[in-house]
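Notes follow the structure.
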Amino acid sequence: MRRGNKLLNLMENTLVNLIKSHNILEEGDRVLAAVSGGPDSVCMLHVLKELSILLNLELFVFHLDHQVRGEESREDAEFVKAMAERMEIPSFIYSFDVPRYRRITGLSLQEAARRVRLRLMARTAEKIKASKAALGHNSDDQVETILMRMIRGSGPEGLTGMSMVNKFPVSGDSGTLIIRPLLEISRNQIEMYCRENNLSYRRDPSNERTLYQRNKIRLELIPHLQQHYNPQIKEALLNMSRSLDRENRFMEEQAHLVFLQLMLEESTGRIILEGSRLTKLHPALQSRIFRMALSRIKGNLRAVEYKHIESIYRLLHEGGPHASLSLPGGIIVQKRYQQLQFLRGLKKITKRIRDKVLVQVPGITRVPELELVLQAEVLEKKKLPWPPDSEREAYLDYDQIKFPLFLSLRWPGARFRPLGLIGSKKVKDFLIDEKVPREERDKIPLILSGENILWVVGKRISHPYRVTEKTRRVLVLKKI
């Protein structure tokens, strides 16, 4: 290892200390490094190569051409491939039509790219039996993430920012952990390291445009905060994140211990907690226990919001001995005397709606029989908050729809064309493919225009009514 380079020694010492304190790497790890070709990932790969001697690491390179920037994207891929060959590191170079995937799914371009990248990386990690997958996020990325979450109204857990080590947020890998070795190192340090070590890298010009929220935060908000409020705003936010992370990990450990003490039963689709003891805990601890129960039974906390946690709290503390509520992901929470039950796939007794229900556009439509409140509004496409929450929202091309709209339950032989598919499909077959339990299939409402199904509520919109480049006005339907 080149001991003469002061910056290399500083970077190495910083990383070795982080590795020890956060258990980022272990001797003999097989590491799949995500390399875009930018300064962050080039620096990370170079440092990992140096550390591989010390830690006996086996390195692999992953790169994805998103097909977003044409020839520049292909040149990025060639650059990464050539660099990996020079460093004698095996590489996996992929190309995927992300713009097309975005059009099919209705996601924002950034979210579509993130999903494709993570899924391909998870499959590659599983293929090579990698124990770790390294991402090049730095401390400036961390500051931007914290501000993004703060703007969205995140709680303390979200304000801890990204973790040094965490699991893949997609299924399909075999236990590979995501690591972020540069998370405590600034962008300036990284670029200085690249200059002093004569490392060439690629620049993505889209990073200098304020089209995306992260870019606006980096290029506009942070400089404004530095100039007018606190020149050390980055370090202040990082210190807040570190402090919250320590406290959050402590609270999670305490909540987990209490959770195990309160749990009366845990089985497939069912968690039962001792409600009488739960009500005596501090409300903050109760909220964490609710989230733990939801995470364990649902598999994740996607679409679970502050209002859902508050509704569980009210369910537990108010009203009579029997009550229930429905949450995203087909979760039902029930209070039964001294028990709080979290259930999934439960056959819930509901009254069937006898006739079609007129959907108010714009306006609010209430369907008590289905415990459903539906909000409809018409927005200009440019004012849409992307991406839509697929479990709660539908974005539809307003000018392609014939009104009025009605809400109904499925009927024998009901068909529609799911978003992204070429042909039509029976609603029954679609729900089976979506792994919706048999007892729940007849309770999922449909939004109709005449006999045409626009939205299988909470599941998928119909392809002909999707938002396209030609769309001017968008009908936004939302479960509230």
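Which one is nearest to Val304 (Cα to Cα), of the residues in region 394-415 that are aromatic (Phe, Trp, Tyr) and outside any helix (DSSP H, G or I)?
Among them, the one singled out is Tyr395.
Take Arg441 and decide whether it is in contact with a Pro (Cβ under 8 Å, 6 or more places away or on another chain) and either closer than 28 Å to Lys298 by Cα or not assigned by TED's automatic domain parsing to the domain that holds Tyr398 (or both).
No; evaluated as a whole, the condition is false for this residue.
Here's a check for you: in region 1-37, which residue that is surrounded by 18 or more Cβ atoms within 10 Å (Cβ to Cβ) and at pLDDT 90 or above is farthest from the chain's Cα centre (by Cα)?
Only one residue tops the list, namely Asp29.
Looking at Ser424 and the list (1) surrounded by 13 or more Cβ atoms within 10 Å (Cβ to Cβ); (2) without any contact (Cβ under 8 Å) to a residue 40 or more places away in the chain; (3) closer than 19 Å to Val367 by Cβ; (4) of a type outside the set (Lys, Arg), which single condition is not satisfied?
Unmet for Ser424, out of (1) surrounded by 13 or more Cβ atoms within 10 Å (Cβ to Cβ); (2) without any contact (Cβ under 8 Å) to a residue 40 or more places away in the chain; (3) closer than 19 Å to Val367 by Cβ; (4) of a type outside the set (Lys, Arg): (3).
Outside any helix (DSSP H, G or I) and closer than 24 Å to Gly269 by Cα: which single residue out of Glu440, Glu391 fits that description?
Sole residue among the options that is outside any helix (DSSP H, G or I) and closer than 24 Å to Gly269 by Cα: Glu391.
What pairs come out if I take residues in region 160-181 that are surrounded by fewer than 19 Cβ atoms within 10 Å (Cβ to Cβ) and pair them with residues that are hydroxyl-bearing (Ser, Thr, Tyr) and modelled with pLDDT of 80 or more whose C-beta lies under 6 Å away, six or more apart or interchain?
Partner pairs satisfying both residue conditions: Met162/Thr145.
Which residues, counting only those in region 27-41, are over 23 Å from Lys129 (Cα atoms) and part of a helix (DSSP H, G or I)?
The answer is Pro39, Asp40.
Looking at Leu118, Leu107, Leu64, Leu59, which one is in a strand (DSSP E or B) and under 20 Å from the mean Cα position of the chain (by Cα)?
Leu64
Can you go through Ile461, Ile453, Ile447 and tell me which one is assigned to a strand (DSSP E or B), under 25 Å from Ile364 (Cβ atoms) and in contact with a Lys or Arg (Cβ under 8 Å, 6 or more places away or on another chain)?
After ruling out the rest, the residue left standing is Ile453.
Taking the condition of being part of a strand (DSSP E or B), surrounded by 15 or more Cβ atoms within 10 Å (Cβ to Cβ) and either more than 30 Å from the chain's Cα centre (by Cα) or not small (Gly, Ala, Ser) (or both), how many residues in region 362-378 meet it?
Going through region 362-378 one residue at a time, the tally reaches 4.
For residues in region 187-214 being among the polar types (S, T, N, Q) and more than 21 Å from Val42 (Cα to Cα), which is surrounded by the fewest Cβ atoms within 10 Å (Cβ to Cβ)?
Ranking the qualifying residues of region 187-214, first place goes to Thr210.
Going by the structure shown, is Gly450 among the small types (Gly, Ala, Ser), in contact with a His (Cβ under 7 Å, 6 or more places away or on another chain) and either surrounded by 15 or more Cβ atoms within 10 Å (Cβ to Cβ) or in the same structural domain as Ala394 (by TED's automatic domain parsing) (or both)?
Against the criterion (among the small types (Gly, Ala, Ser), in contact with a His (Cβ under 7 Å, 6 or more places away or on another chain) and either surrounded by 15 or more Cβ atoms within 10 Å (Cβ to Cβ) or in the same structural domain as Ala394 (by TED's automatic domain parsing) (or both)), Gly450 does not qualify.
Here's a check for you: in region 78-119, which residue that is among the β-branched types (Val, Ile, Thr) and at pLDDT 85 or above is nearest to Arg417 (Cα to Cα)?
Checked region 78-119; the qualifying residue nearest to Arg417 (Cα to Cα) is Val98.
The values are calculated or read from the model by the stated rules, or taken from the named source; none is laboratory data. None of the values given here were measured: they were computed from a predicted structure. FYI the Cβ positions are ideal-geometry reconstructions off the backbone, even for glycines, and counts take in every protein chain you see.
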